[in-house]
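Structure record follows, encoded as structure tokens.
The values are calculated or read from the model by the stated rules, or taken from the named source; none is laboratory data. Values in this document were obtained by computation on a predicted structure and should not be read as measured data. Every residue, glycine among them, receives a Cβ derived from its backbone with ideal geometry; neighbour counts consider all protein chains shown.
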Amino acid sequence: MSKSDSPTDNTSTKPADPEQRGQFGTRIGFILAAIGSAVGFGSIARFPMNAANNGGAMFLLMYLFIMLLFGIPIMIAELSMGRTAQRNTVGAFRVLTGKTRPKWMGVGFLYFLVAAFILSYYSILSGWTLRYFFGSMTGAYFNDPDAYLTATQEGPWALIWHAVVMVLTAVVLTGTVSKGIEKVNLVMMPALFLIIVGLAVYAATLPNVAAGYEFYLQPDLTAFTLPVMAAAVGQAFFSLSLGQGAMMTYASYLPKRTSLATNASIISLSTLCFAVTCGFLIFPLLSTFGLLSGERAGLGLIFGPLAQAFAEMGQPLGNIIGALFFLATFFASFTSAVSLAEPAISYAIEEHKLDRRRASILICALIYIAGIAVAFNSNLLDLEGGALTDFFVILGGFTIALYVGWFSPVAQAIARMDEGEGVKLGRFVRPLMQWVMPLVLGVLLLFSITGTPCFLSGDANSVGLLETFGAPDLMGCEG
Ligand code: TRP
């Protein structure tokens, strides 16, 4: 065999050899891994608080609608690109475009870089959950939860636990796809579901739970503002791990037998059910101990008031419930971390011919270093996890829509999405990618840079990327 048609030849645009790259061994393995990627802080902390702050049950309905109209179609499109190309994000664009559009390879480059960037702070947060798991077992934060949080957020402990998470990530990704990614998800995901559902059932037996459910789901129609819709789109993309090559890379290890529409629907709806269940666990616990307040959003919620609730439960109940909760949160965030590192590792293996072990160690070390600043200044989290991530996540969805809607031949795009047995939605997804997504996501992208104009944002204070970086408020909202 000449060098140019060997299966490892990474500049070829021909399909790669699955034996060489690795593949998911079972369909359930792939689905659990994709749900594992999706389910993370976005579902555990961000979704419940978003719902509570933005119209309760109405937010849930709107979110469901956005997931059906935006989330699932983009997921089908992204999965179809990965599965067709059987390559890393850069190689995928080369295979799909037949080398003619190097600009698109730049987009592939951006995907894995952004995934790695997200992981650099995400791993720090995942490290906090691991520390809280042990802290719950010993009751270390029960006397003074606030002081414990401060000590966890910044300084040596943050660095140490960040290191633990990145080392574990590297270890998992050193294994082949079926022995690494698949195995860890086959163990952690069922355990995660059991714990979360078990805790939600337990929470339902506590006194004063009705106030918690009400805080969470009380419908409020006035919450339907444009920024809330925009927030819901951003939330859906982040929560479903879309637009950064995570799903694309996982799908590149997927055989072509099954329907992507079915897979995407299972993944998205399971993630939503999971996120909804997390709210049923968190808010009753808070209301029982009188800790409900709208003020702490997202992550502050689980490390602040929720930890306080475990402390109030006292020994040994608080230790057990707290440890279970933070173990579950660690599983959720760790399986996401694995999916955020894999696009870069897959790139390093295929485009730079590193072996998997070396690639994993190198990439995880680089991501570790990139996260160090956050361990010393947790205020950076607001910026990195806020405006910057929102911008990149929407940009990712936008580019996928453009590619599938405008730059791939119609018949080909549809065929790629419809390959495999079962439900076929390509005919519906493709026009969405052509018209609806680029328009809506384009506008959201613009607003994520400039901030949402006042006449659209109502009372909400929407801060764009420019303003975050110190530019004056362009939308004149301060008058
Ligand atoms: N979905 C994860 C969460 O909700 C985070 C995540 C994992 C992610 N992979 C991603 C976000 C890829 C964007 C892109 O916590």
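Looking at this structure, is Thr176 buried (at least 21 other Cβ atoms within 10 Å of the Cβ) and either without any contact (Cβ under 8 Å) to a residue 24 or more places away in the chain or closer than 18 Å to Ala246 by Cα (or both)? No: the conditions fail for Thr176.
Ala203 falls short on exactly one of the conditions (1) assigned to a loop (DSSP other than H, G, I, E, B); (2) surrounded by 17 or more Cβ atoms within 10 Å (Cβ to Cβ), and that condition is (1).
Residues checked against (1) modelled with pLDDT under 95; (2) farther than 17 Å from Arg46 by Cα; (3) assigned to a helix (DSSP H, G or I):
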position	(1), (2), (3)
Ala332	no, no, yes
Glu342	no, yes, yes
Ile345	no, yes, yes
Leu354	no, yes, no
Ile363	no, yes, yes
Ala370	no, yes, yes
Asp382	yes, no, yes
Asp390	yes, no, yes
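Inspection of the stretch 215-229 identifies at least one residue that is part of a helix (DSSP H, G or I), in contact with a Pro (Cβ under 8 Å, 6 or more places away or on another chain) and in contact (Cβ under 8 Å) with a residue 24 or more places away in the chain.
Residue pairs whose Cβ atoms lie under 7 Å apart, separated by 6 or more positions or on different chains, with the first residue in the stretch 37-65 and under 14 Å from Thr225 (Cβ atoms) and modelled with pLDDT under 95 and the second in a helix (DSSP H, G or I) and near the ligand (Cβ under 9 Å from one of its atoms), are Asn50/Gln235.
For the stretch 239-260, the set of residues classified as touching a Phe, Trp or Tyr at 6+ places or on another chain (Cβ under 9 Å) and in a helix (DSSP H, G or I) consists of Ser239, Ala246, Met248, Thr249, Tyr250, Ala251, listed by residue number. Here Ala210 meets the list (1) within 16 Å of the ligand (Cβ to nearest atom); (2) surrounded by fewer than 24 Cβ atoms within 10 Å (Cβ to Cβ) almost entirely, failing just condition (1).
Selection within the stretch 307-351: residues that are without any contact (Cβ under 8 Å) to a residue 24 or more places away in the chain and not aliphatic (A, V, I, L, M). The member of this set that is surrounded by the fewest Cβ atoms within 10 Å (Cβ to Cβ) is Pro316.
With the condition kept exactly as written, say whether any residue in the stretch 383-392 is within 16 Å of the ligand (Cβ to nearest atom), surrounded by 19 or more Cβ atoms within 10 Å (Cβ to Cβ) and among the β-branched types (Val, Ile, Thr). The answer is yes; a qualifying residue exists. Filter the stretch 320-355 down to the residues that are away from the ligand (no atom under 16 Å from the Cβ) and over 27 Å from Pro190 (Cα atoms) and list them by number. Ala348, Ile349, Glu350, Glu351, His352, Lys353, Leu354, Asp355 - these are the residues of the stretch 320-355 that are away from the ligand (no atom under 16 Å from the Cβ) and over 27 Å from Pro190 (Cα atoms).
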